[in-house]
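All remarks here apply to the structure that follows.
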Amino acid sequence: ILGGRTSRPGRWPWQCSLQSEPSGHICGCVLIAKKWVLTVAHCFEGRENAAVWKVVLGINNLDHPSIFMQTRLVKTIILHPRYNRAVVDYDISIVELSEDIVETSYVRPVCLPRSKQVVEPDTYCYITGWGHMGNKMPFKLQEGEVRIISLEQCQSYFDMKTITTRMICAGYESGTVDSCMGDSGGPLVCEHPGGQWTLFGLTSWGSVCFSKVLGPGVYSNVSHFVEWIERQIYIHTFLLN
Amino acid sequence: CIYNSCFDACGESSLCDSDSNQTNCSQCEPITLELCLNLPYNYTNFPNYLGHRTQKEASISWESSLFPALVQTNCYRYLMFFACTILVPKCDPHTNQHIPPCRALCEHSKERCESVLGIVGLQWPEDTDCTQFPEESSDNQTCLMPDEDVEECSPSHFKCRSGRCILASRRCDGQSDCEDDSDEEHCGCRERGLWECPASKLCIKQEMICDGFPDCPEKMDEKNCSFCQDDELECANHDCVSRDLWCDGGIDCSDSSDEWDCVTLSKDVSSSAFLTVHRSATDHQVCADNWQETLSQLACKQMGLGELSVTEIIQEQRHPWKWLTLPSDWQHKNTSTLHELLVAGHPCQSRSWISLLCSEQDCGRRPAARMYKR
């Protein structure tokens with residue numbers, strides 16, 4: 001996260017780290033149910049074998065595992081069948097964990113939006129992750145407040161790429177607060193009155209975030225995929241297993 | 001002269017012994033270079049004036065990229081015509097000889113467009129020395145000059161109202177490329193090679209029609225995609241599957257959609273949420289005979305809801321129109337869904353029906369921040 005700040009442990013209990021040896025942390029991910037996390041499809045490019053991955057939850061400092069940390073192996077990776085690597089469209093995947101997580105203060109699922117539920121432009125939401133900070137990779141989870149930007153306005157920043165309805169944009173023209181390499185798959189969450197947080201986006205792509213070419217970040221639009229997500233979880237829970 | 005046919009074309013003379021005569025001997029062939037398909041002639045022969053030996057070589061040459069890019073600058077109205085006369089020179093079918101562009105066409109092109117190339121640090125193609133081309137003749141047969149009606153833009157270009165040629169891919173891309181914005185006019189789906197969703201202006205790709213993923217409002221792109229028999233139902237991917245197999249516990253649609261949404265809760269007038277199973281495409285209520293609490297939990301989980309709150313057994317004298325019952329030996333069956341345990345055609349002895357209240361799983365809550373006295 002560029003321009004963010006270090007998060008307090010437990011503040012984002014749905015944030016998880018998708019890890020693979022020998023690199024360790026590769027991408028962010030988001031807990032949505034006891035056995036299911038979401039991330040983006042591009043995290044698995046060239047590494048679609050579930051056996052090489054693990055998901056770490058309840059962690060704040062990647063360098064100092066805590067007693068609240070839970071680790072699960074990956075049982076199944078479900079990539080969106082329309083994921084297009086060339087244009088980074090339909091950039092979403094579902095990960096089935098090897099076993100249920102134990103829900104604690106530090107490990108809790110986030111809410112999914114309703115299908116086609118929109119988050120209005122100019123709403124302020126949060127992004128989190130262990131991605132690049134512009135000058136270094138952090139050990140501690142970072143958080144940043146970003147503003148939702150309309151697709152039309154977002155398109156004007158990316159004249160070589162098409163912003164589709166499967167994407168939402170958030171951030172600032174100046175790029176002061178933005179997601180960056182290593183944040184992919186992590187959450188863009190917005191708070192509802194009553195203190196409930198809903199997952200509206202998954203960090204997907206943007207400009208080269210620590211260059212001088214700035215602009216907002218582009219996130220996979222979770223509400224576009226809710227029906228697909230629910231179907232896949234149902235199929236893999238009740239019909240295939 | 002490399003090929004026998006060429007030898008024939010030249011006649012049985014010794015002209016074909018030297019390299020230069022081999023060149024002169026090549027036969028006319030149809031033009032296939034996309035950039036030049038709108039010329040007032042259809043045949044060419046090689047090598048061309050740029051030294052390319054075949055059309056394939058011409059198509060991947062630097063010049064075949066340069067001229068289309070240059071034509072967008074609107075430097076000369078007949079630049080593309082000139083470019084084609086040297087890339088795919090006109091072939092005279094009687095003599096199998098080139099008909100070159102006229103010197104004036106070459107000079108006008110160079111005069112107006114060379115300076116544009118200079119701005120970006122590029123040079124005019126070396127092989128286009130205009131003195132090699134003849135002066136315009138009176139009968140207009142020894143060299144080529146463009147007619148008034150010659151197409152200025154190649155088929156891979158869009159012609160702006162102003163006359164400028166822009167790449168066809170830039171038409172209707174949401175950005176104005178013609179100075180008069182004409183590339184962004186009449187941008188209907190059909191003009192862009194897309195399909196227009198009925199009752200909306202949304203354009204989608206042809207391959208998105210009937211692919212099992214709704215893209216248009218009201219799912220119009222996924223309608224009328226299959227023609228199932230009366231005793232069949234349409235799967236989400238448009239396969240046809242027998243009604244009887246719907247929600248029977250086995251996957252019959254290749255996308256498993258016959259087993260989706262089989263268990264629901266339906267409200268009745270008394271606002272009880274009766275457990276309902278959508279067997280064979282018809283809603284059935286569930287008889288309370290042999291019911292156990294674990295089944296209530298399974299039903300709630302199957303509906304994507306969290307924990308079970310309340311199971312109610314509601315006795316009604318009035319039978320529902322359709323119902324399903326649990327066989328007495330259901331616990332011996334190894335199944336993962338509730339609906340595959342239930343059977344039809346058995347009496348409901350208790351005349352009682354299952355009503356459930358499931359709670360949604362809690363989500364999106366952060367632990368309260370710790371308080372520190374200051």
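A few points about this structure:
- Placing dummy labels 7 Å off each Cα toward the beta-carbon, the span from B:A344 to B:D127 is 7.6 nm.
- Between the residues B:T85, B:N48, B:V71, the greatest Cα displacement towards the positive end of the dipole of the protein assembly as shown, with unit charges on the Cβ of Lys, Arg, Asp and Glu, is found for B:V71.
- Taking B:N290, B:N42, B:N74 in turn, the Gaussian network model of chain B (Cα-Cα springs below 10 Å) assigns the largest fluctuation to B:N290.
- Three semi-axes of the equivalent ellipsoid, the protein assembly as shown, Cα gyration tensor, whole Å, largest first: 65, 33, 22
- Per-residue [θ]222 nm for chain B (sum of -39500 (n - 2.57) over DSSP H runs n ≥ 4, rounded to 500): -5000 deg cm²/dmol
- The stretch B:212-280, dipole about Cα centre (Lys/Arg Cβ +1, Asp/Glu Cβ -1), debye to the nearest 20: 360
- When the stretch A:1-154 is described by a simple charge dipole with +1 on each Lys and Arg Cβ and -1 on each Asp and Glu Cβ, the residue from A:H64, A:S115, A:L31 located farthest towards its positive end is A:H64.
- Hull-based mean projected area of the stretch A:106-241, where the convex hull spans the alpha carbons, in square nanometres: 9.7
- Nearest-0.05 FRET efficiency for B:E34 and B:A69, computed from C-beta distance (R0 22 Å): 0.90
- Chain B gives an Rg/Rh value of 1.33, both radii derived from C-alpha positions and Rh following Kirkwood.
- Sequence of B:L295, B:L37 once ranked by neighbouring C-beta atoms within 10 Å, starting from the fewest: B:L37, B:L295
- Net charge dipole size for the protein assembly as shown [Lys, Arg +1 and Asp, Glu -1 on Cβ; Debye, nearest 20]: 3640
- A Förster distance of 41 Å, applied to the separation of the beta-carbon atoms of B:T282 and B:E207, puts the FRET efficiency at 0.70.
- Measuring nothing but alpha carbons in the stretch B:234-339 and taking Rh as the Kirkwood radius, the Rg to Rh ratio lands at 0.97.
- For A:M69, B:M80, the sequence from fewest to most other C-beta atoms within 10 Å is A:M69, B:M80.
- Charge sum, other residues only, whose C-beta stays under 11 Å from B:E63's C-beta, Lys/Arg counted +1 and Asp/Glu -1: -3
- Environment charge of B:G193, counting only residues whose C-beta is closer than 12 Å and scoring Lys/Arg +1, Asp/Glu -1: +1
- Chain A pair-distance distribution - Cα-Cα, 5 Å bins, rounded %: 1, 7, 16, 20, 22, 17, 11, 5, 1, 0
- Cα gyration tensor shape of the stretch A:37-140, rounded if a/c is under 1.5, else prolate or oblate by comparing a/b with b/c: rounded
- Normalised by the number of residues in chain B, the mean separation of alpha-carbon contacts (under 8 Å, six or more apart) gives a relative contact order of 9 percent.
- Size of electric dipole in chain B: Cβ of Lys, Arg +1 and of Asp, Glu -1, about Cα centre, debye, nearest 20: 2000
- Projecting the Cα atoms of B:Q97, B:W323, B:W62 onto the charge dipole of the protein assembly as shown (Cβ charges, centred on the Cα centre) puts B:W323 farthest toward the positive pole.
- Averaging the sequence gap over all C-alpha pairs within less than 8 Å and six or more residues apart, then dividing by the number of residues, gives the stretch B:176-322 a relative contact order of 10 percent.
- Among A:T39, B:T32, a tally of other beta-carbon atoms within 10 Å of each Cβ gives an order, fewest to most, of B:T32, A:T39.
- Projected-area average for the stretch B:133-259 over all orientations - Cα convex hull basis, square nanometres: 14.1
- Around A:W197: net Lys/Arg minus Asp/Glu count, Cβ-Cβ under 11 Å: +3
- A Förster distance of 25 Å, applied to the separation of the beta-carbon atoms of B:K56 and B:E114, puts the FRET efficiency at 0.35.
- Residue with peak Gaussian network fluctuation, chain B [Cα springs, cutoff 10 Å], from B:H238, B:H94, B:H52: B:H94
- For chain B, the longest principal axis of the C-alpha atoms and the axis of helix B:103-119 are separated by about 50°.
Bear in mind that the values in this text are calculations on the coordinates, not laboratory data. Note that the structure is predicted; figures quoted are calculated from it, not measured. In this analysis, Cβ positions are derived from the backbone assuming ideal geometry, glycine residues included, and neighbour counts consider all displayed protein chains.
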